[in-house]
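Student: Mind having a look at this structure? Questions to follow.
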Amino acid sequence: MAADPVSVLQRIFGFPDFRGVQRDVVSRVLAGENTLAVMPTGAGKSLCYQLPAVMLEGTCVVVSPLIALMHDQLRAAEAVGIRAATLTSVDENRAETRGRFLDGALDLLYVAPERASTADFRDLLDRGKVALFAIDEAHCVSEWGHDFRPDYRLLRPLLDSFAGVPRLALTATADAHTRADILEQLGIPHEGMIVAGFDRPNIRYAITPRDGTTRQIVDLVRATPGPGIVYAQTRAGTERLAEALAVTGRPVRAYHAGLDPAVRAANQAAFVASEDMVICATVAFGMGIDKPDVRFVAHAGLPKSIEAYYQETGRAGRDGDPAVAHLFWGAEDFARARQRIGEVEAHRQPGERARLNALGALVETAGCRRRILLAHFGEEAPAACGNCDNCLAPPKAIDATETARKYLSA
Ligand code: ADP
Ligand code: MG
């Protein structure tokens, strides 16, 4: 008799039960059906393929866009005793990994899309047994997505050549247009899409025009105890903010790609361990870090998209306790974004423009922020959430609205 998924979940992963839509996703996968799981960051997407990987005969091939992400996943999988390996240019044990795959001794094999689409890799898979294809960060397959990777487009022939092997695409960040595109690009039927709830009711959203000083962020830090992240738009901006925040008396560190790797790692480790540190970072910070007690996320400028905003603010309050997400924006952010859009390839401009307009609608609304955010992810929400700036203090008609409109039209 086949094992019961919940008992495997408890025995191998040590979790008492599935969370949210995990059960639905896992049962589709175990039934051999092609599936797209749209689940917010932290919802537990990895489990949706790791559990079937353990239960099914053969190896689950996981396509993942970043080597660092793959190695994090590998460590996590090995920690619970799953037989896993990565096959990347930096792995020196590639021959051994191929051998383990051919021997049927791997539950999970992580590869990057550019390797997955080679004839060499297909030949390897032909000689072993593939149980499942998991395509992580599946929005990368869509030009409508915010992170298009042409290599993801090359996966389809591989998937199609293993006709009996189910495919599971996973993403945290896909608006309706991008989702439809993922389904089409990866050959997943519409009824195969499972969307988890995106609401994070414990996060209080606030969005305010910038006053051109660091005073607003200083005030926010003073008013909000506990660990916090301040996202700046440039490396210099993170350093400037870190200096300005010294007046709060809180421990403050900067984090950006220009720092010495050892310093960067030390700053991240210090933040993860701290109960009151503020880290001033570029958006590179936060990927793959698991810190549940972040009490606030501030943006010192406009994020790249609503998806990016949701993902970045979603790093606050993962423990379910109250947390704050405060965005400070300026009209010049929109001007700069519009200029950037003018510089990208013509076929990508409509998607980029739609993304910027969606952000504009979020910052300029006098209505509920959460409602707009959730509507973006296809979720209906009540007219007022009671836990955003506009619901808590309905605004009078402010001139910021006019400013935003001026920069959005034309
Ligand atoms: P995602 O990829 O969706 O952002 P992860 O797969 O990294 O999320 O999982 C986020 C966290 O949730 C991990 O620490 C994971 O161990 C935990 N988790 C996953 N499923 C469950 C579950 N059913 N019960 C409790 N914790 C879970
Ligand atoms: Mg993930």
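Student: Check the range 212-223 and report whether any residue there is touching a Ser or Thr at 6+ places or on another chain (Cβ under 8 Å) and either within 16 Å of ligand 2 (Cβ to nearest atom) or under 30 Å from L159 (Cβ atoms) (or both).
Tutor: Within the range 212-223, not a single residue is touching a Ser or Thr at 6+ places or on another chain (Cβ under 8 Å) and either within 16 Å of ligand 2 (Cβ to nearest atom) or under 30 Å from L159 (Cβ atoms) (or both).
Student: Next question. Here are some residues: I306, I372. Which one is without any contact (Cβ under 8 Å) to a residue 12 or more places away in the chain, on the phi < 0 side of the Ramachandran plot and crowded, with 17+ Cβ neighbours inside 10 Å?
Tutor: I372
Student: Another one. Can you name the number of the only condition in (1) under 24 Å from C140 (Cα atoms); (2) in contact with a Phe, Trp or Tyr (Cβ under 6 Å, 6 or more places away or on another chain); (3) within 10 Å of ligand 1 (Cβ to nearest atom) that L9 fails?
Tutor: L9 satisfies every listed condition except (1).
To keep it simple, each residue is scored yes or no on (1) within 16 Å of ligand 2 (Cβ to nearest atom); (2) of a type in the set (K, R); (3) in a helix (DSSP H, G or I).
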position: A3; (1), (2), (3): no, no, no
position: V6; (1), (2), (3): no, no, yes
position: R11; (1), (2), (3): no, yes, yes
position: R19; (1), (2), (3): yes, yes, no
position: P40; (1), (2), (3): yes, no, no
position: L51; (1), (2), (3): yes, no, yes
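Student: Please work out which residue is modelled with the highest pLDDT, limiting yourself to the range 169-189 and to residues that are over 13 Å from L155 (Cα atoms) and within 16 Å of ligand 2 (Cβ to nearest atom).
Tutor: The selected residue is L170.
Student: Taking the range 185-240 as the search range and keeping residues that are assigned to a strand (DSSP E or B) and of a type outside the set (A, V, I, L, M), which one is surrounded by the fewest Cβ atoms within 10 Å (Cβ to Cβ)?
Tutor: The selected residue is T208.
Student: Take the conditions outside any loop (DSSP other than H, G, I, E, B) and at pLDDT below 95 and apply them to H71. Does it pass?
Tutor: So H71 passes the test.
Student: If you don't mind, another one. Of the conditions (1) surrounded by fewer than 22 Cβ atoms within 10 Å (Cβ to Cβ); (2) away from ligand 1 (no atom under 16 Å from the Cβ); (3) modelled with pLDDT under 95; (4) assigned to a loop (DSSP other than H, G, I, E, B), V165 clears all except one; give me its number.
Tutor: Among (1) surrounded by fewer than 22 Cβ atoms within 10 Å (Cβ to Cβ); (2) away from ligand 1 (no atom under 16 Å from the Cβ); (3) modelled with pLDDT under 95; (4) assigned to a loop (DSSP other than H, G, I, E, B), the lone unmet condition for V165 is (3).
Student: Residues of the range 78-103 being assigned to a helix (DSSP H, G or I) and within 20 Å of K129 (Cα to Cα), which ones?
Tutor: Answer for the range 78-103, where residues must be assigned to a helix (DSSP H, G or I) and within 20 Å of K129 (Cα to Cα): R94, A95, E96, T97, R98, G99, R100, F101, L102.
Student: Looking at the structure I just gave you, is L154 farther than 26 Å from A43 by Cα, away from ligand 2 (no atom under 16 Å from the Cβ), touching a Lys or Arg at 6+ places or on another chain (Cβ under 7 Å) and not in a loop (DSSP other than H, G, I, E, B)?
Tutor: no
Student: Can you work out which of the residues in the range 331-357 that are buried (at least 19 other Cβ atoms within 10 Å of the Cβ) and of a type outside the set (F, W, Y) is nearest to A196 (Cα to Cα)?
Tutor: R355
Student: What's the number of the only condition in (1) surrounded by fewer than 17 Cβ atoms within 10 Å (Cβ to Cβ); (2) within 15 Å of ligand 2 (Cβ to nearest atom); (3) over 17 Å from T171 (Cβ atoms) that L74 fails to meet?
Tutor: With (1) surrounded by fewer than 17 Cβ atoms within 10 Å (Cβ to Cβ); (2) within 15 Å of ligand 2 (Cβ to nearest atom); (3) over 17 Å from T171 (Cβ atoms) applied to L74, the lone miss is (1).
Student: Out of curiosity, is A68 more than 16 Å from ligand 2 (Cβ to nearest atom) and of a type outside the set (D, E, K, R)?
Tutor: no
Student: Residues to consider are V218, V195, V272, V247; find the one that is β-branched (V, I, T), in contact (Cβ under 8 Å) with a residue 24 or more places away in the chain and under 16 Å from V297 (Cα atoms).
Tutor: V218
The values are calculated or read from the model by the stated rules, or taken from the named source; none is laboratory data. In this text the structure is predicted, and so the values were computed from the model without any measurement. With ideal geometry, Cβ positions are generated from the backbone for all residues, glycine too; neighbour counts draw on all protein chains shown.
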